[in-house]
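Report on one structure; see the data block that follows.
The values are calculated or read from the model by the stated rules, or taken from the named source; none is laboratory data. Remember, it's a predicted structure, so these values are computed and weren't measured experimentally. For neighbour counting, all protein chains shown are included, and Cβ atoms are generated from backbone atoms with ideal geometry for every residue, glycine included. Just so you know, the surface numbers come from the protein's heavy atoms only, side chains and all, with ligands and any DNA or RNA stripped out. Shrake-Rupley method; radii C 1.70, N 1.55, O 1.52, S 1.80 Å.
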Amino acid sequence: MLRQVKPKTARAKRAIEKKAPKAIENPKKALFLRGTTCSQITQDALADLYAFRQVHGKRFTKKNPVHPFEDASSLTFFSEKNDCSLILFASSSKKRPHNITFARTFDYKMLDMLEFNLDAETYRSISQFKTQKIPVATRPLMVFAGTAFESPVPNAFTMAKSMLLDFFRGENVDKIDVEGLRYVVVVSTDEPTTDGTADPSDPASKPVLHLRVYLIRTKRSGQRLPRVELEEHGPRMDFRLGRVQEPEEAILKEAMRKAKTSEERTKKNISTDLMGDKIGRIHTGKLDLSELQTRKMKGLKRDRDPHLLDDDADMNVAMKGVDLDEEPKRKRKI
């Protein structure tokens, strides 16, 4: 960890405030660096990926003696010093040739890592496609094709999908112009094999991940909507996923936590219908209908006429002393 220094100038104070946590974070920056041994194909692939992140990215050209899965302290140091939460580390060895490691950090601590083993035979760089180049800082469309990306259980392919979305996302915007959608990134994978003899730890036994970039061309169709065509732009990359470092549960929980904002929270059991009226639902216990207070109607009330009240009083006096339950006596016959 870098030691905390109290800012002495206004420029240093602004730089520290820029790194401070925010409710809406700044766009993620990506750091591109290479190891001590790195093939030319891997360097070209790293340069092609850097072309999509020139605005929010930094690239180191010197060799760095770093082994991410053995000791990631150097990557976290570079992450904090350059304020980059995405790291792409290129290396090449006899056991793992043409290897690109994607790593993500949270609070300048290592969150997760994933290896992408590049296929050198099928790789084609951007310079090999003679097409119009994509403008800088253009947001792409993302397409993920394959059942492996939709797995309910987290695995290497779901992590790869999350990392690629973070890499190509760019800035958070509320609106986007349709004319600005200039290219699409298609990531597809083969269907996983059901052969039980394959070694799951061997990268060659895993499905291949295909990454393709296409330009979107709109042409006249004679109708209201234009005809859309795709033209391959490059790069063309095929990967096999290698080693995986899962995120720690405590760090992942902290990274997924959302900041409390001043926005009004949705209240339970309160909704709005189509007419805009507010509808509330109240949950009560079991009601005792015997104690239910019914509505009093005027038609059921006794009349308050004083003459009728006097007649009722006289009748009550006349009936006093008469036992209604007593049976009438029969007259004796003479």
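Tabulated data
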{"read-out": "Length added when fully stretched, R11-L230, from 0.36 nm per residue minus Cα-Cα", "value": "74.2 nm"}
{"read-out": "Within region 57-78, backbone nitrogen closer than 19 Å to the virtual label 7 Å beyond the Cα of S93 toward Cβ", "value": "63-76"}
{"read-out": "Mean Cβ count within 10 Å, highest first, over the residues of peptides 120-133, 92-105", "value": "92-105, 120-133"}
{"read-out": "Stretch gain in nm, segment V178-S205, where the contour uses 0.36 nm per residue and the Cα spacing is subtracted", "value": "5.7 nm"}
{"read-out": "K258 paired with S127, simple spin-label distance in nm, labels 7 Å along Cα-to-beta-carbon", "value": "4.6"}
{"read-out": "Restraint check, K109/K130; K63/K133; K175/K278; K206/K258; K58/K130, Cα-Cα greater than 32 Å", "value": "K109/K130; K206/K258"}
{"read-out": "Average accessible surface area per residue within region 12-170, 1.4 Å rolling probe, Å²", "value": "51"}
{"read-out": "Amide proton proximity set for T189, modelled H, under 5 Å, gap of 5+", "value": "A145, H210"}
{"read-out": "Difference of contour (0.36 nm per residue) and Cα-Cα distance, N64 to K18", "value": "13.8 nm"}
{"read-out": "FRET efficiency for F77 and K286, using Cβ-Cβ distance with R0 set to 41 Å, rounded to 0.05", "value": "0.05"}
